[in-house]
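Novice: Take a look at this one; I'll ask things after.
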Amino acid sequence: MKGSGTLIILYQNILNLSNILMENLVNKLVLGTAQLGLDYGINNQNGKPTRESAMEMLDFAYKNGIKIFDTAYAYGNAEEILGEFLRGQNLGEEIKIITKINPGSPEDVSLEIKKSLEKLGLSSVDGCLFHNPEHIKNERMVETMSELKKQGLAKNIGVSVYEPEDAVYSAKIGEIDYIQIPYNIFDQRLSKTDFFELAQKNNKKVFARSAFLQGLLLMPIGKIPARLESARPHLAKLDAIIAKYGLSKKQVAMNFALANKNIDYIVFGADNKNQLKEVIDIAKQEIDFNQCKKELEKEFDKVEKYIISPNLWQK
């Protein structure tokens, strides 16, 4: 009896550890709010959610373990919606907000941050990023942002990048704390550079976005628009690999990002609460993804730039 009691305690400890590990994956999730302020994403069938739906989504995210929200001045009225939610729930100190600005000059940096803070109803944000990676190559821009960090308007400063060379450059800048990168099954460019090693060495927090490639990875092949016809063979190969492992496209896309130990946080968006719940549930699921991940890394290590760069997609 004594031995069986010990086994029960051991089993319980293993179960508790498993729950902690799964919870940690949820803690890696950051809800992006572009969809709350804009009609965003190639696979968006519903358009911009109503204000009521947006509030419901934010509340659901918070209550289910998501404590970081990503936004930007350029995301329509997303900052205002997020600010209204924060005030309504009195959550200013309990969650972290990261916003992005695109100042025209170093003199505009202070003005842009203050505009965002006003919309959010906050005196400071956890992070403020340059939305344009060219700004980090301007010493005055970086100095001005650093000064505002010293003043307490942003606890961390950083940049959102699109190209590998900008990511590598950012990882070398001492003042930069946060770097937001594109990373997904089709876009593995940064794995072929020393970016992740540099980021870790220089204590940068890495935020990966575009796990679903704006919804392209989740679309049925038959619904791919003509302008992205070149993506169809890649998506057909993806479907074949997924079928072997009995996983959904969303499971595979999200787990591919979550499985990268060099990425601190995954920024994702959702059009409605059901989509949000699906992602949170995926982060809580414990699956053996190693073999599938290796196959995906090998098959899609070099996808054409046009396919992995939404800013190049023709309207």
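Novice: Among the residues of region 267-312, which ones are surrounded by 18 or more Cβ atoms within 10 Å (Cβ to Cβ), of a type outside the set (G, A, S), out of contact with any Phe, Trp or Tyr (no Cβ under 8 Å at 6 or more places or on another chain) and touching a residue at least 60 places away in the same chain (Cβ under 8 Å)?
Specialist: Listed by number, the residues that qualify are D271, I280.
Novice: For Q89, which of the numbered conditions (1) surrounded by fewer than 21 Cβ atoms within 10 Å (Cβ to Cβ); (2) modelled with pLDDT of 95 or more fails to hold?
Specialist: With respect to (1) surrounded by fewer than 21 Cβ atoms within 10 Å (Cβ to Cβ); (2) modelled with pLDDT of 95 or more, Q89 is out only on (2).
Novice: Can I185 be described as closer than 21 Å to I308 by Cβ and under 16 Å from the mean Cα position of the chain (by Cα)?
Specialist: It is true that I185 is closer than 21 Å to I308 by Cβ and under 16 Å from the mean Cα position of the chain (by Cα).
Novice: Do any residues in region 89-115 that are farther than 26 Å from E134 by Cα have Cβ atoms under 7 Å from those of residues that are among the aliphatic types (A, V, I, L, M) and surrounded by 15 or more Cβ atoms within 10 Å (Cβ to Cβ), where the two are at least six apart or on different chains, and which pairs are they?
Specialist: G92/L86; G92/L122; I95/I68
Novice: Taking region 272-315 only, how many residues are outside any helix (DSSP H, G or I) and either among the polar types (S, T, N, Q) or in contact with a Gly (Cβ under 8 Å, 6 or more places away or on another chain) (or both)?
Specialist: Final tally of qualifying residues: 4.
Rundown of residues vs (1) modelled with pLDDT of 95 or more; (2) over 18 Å from K261 (Cβ atoms); (3) within 16 Å of the chain's Cα centre (by Cα), yes/no style:
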| position | (1), (2), (3) |
| --- | --- |
| Q151 | yes, yes, no |
| V168 | yes, yes, no |
| I179 | yes, no, yes |
| S191 | yes, no, no |
| A208 | yes, no, yes |
| L217 | yes, yes, yes |
| K249 | yes, yes, no |
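Novice: A further question on this structure: State yes or no: is I97 outside any loop (DSSP other than H, G, I, E, B), out of contact with any strand residue (DSSP E or B) (no Cβ under 9 Å at 6 or more places or on another chain) and among the β-branched types (V, I, T)?
Specialist: no
The values are calculated or read from the model by the stated rules, or taken from the named source; none is laboratory data. Quick caveat: nothing in here was measured; it's all calculated off a predicted structure. With ideal geometry, Cβ positions are generated from the backbone for all residues, glycine too; neighbour counts draw on all protein chains shown.
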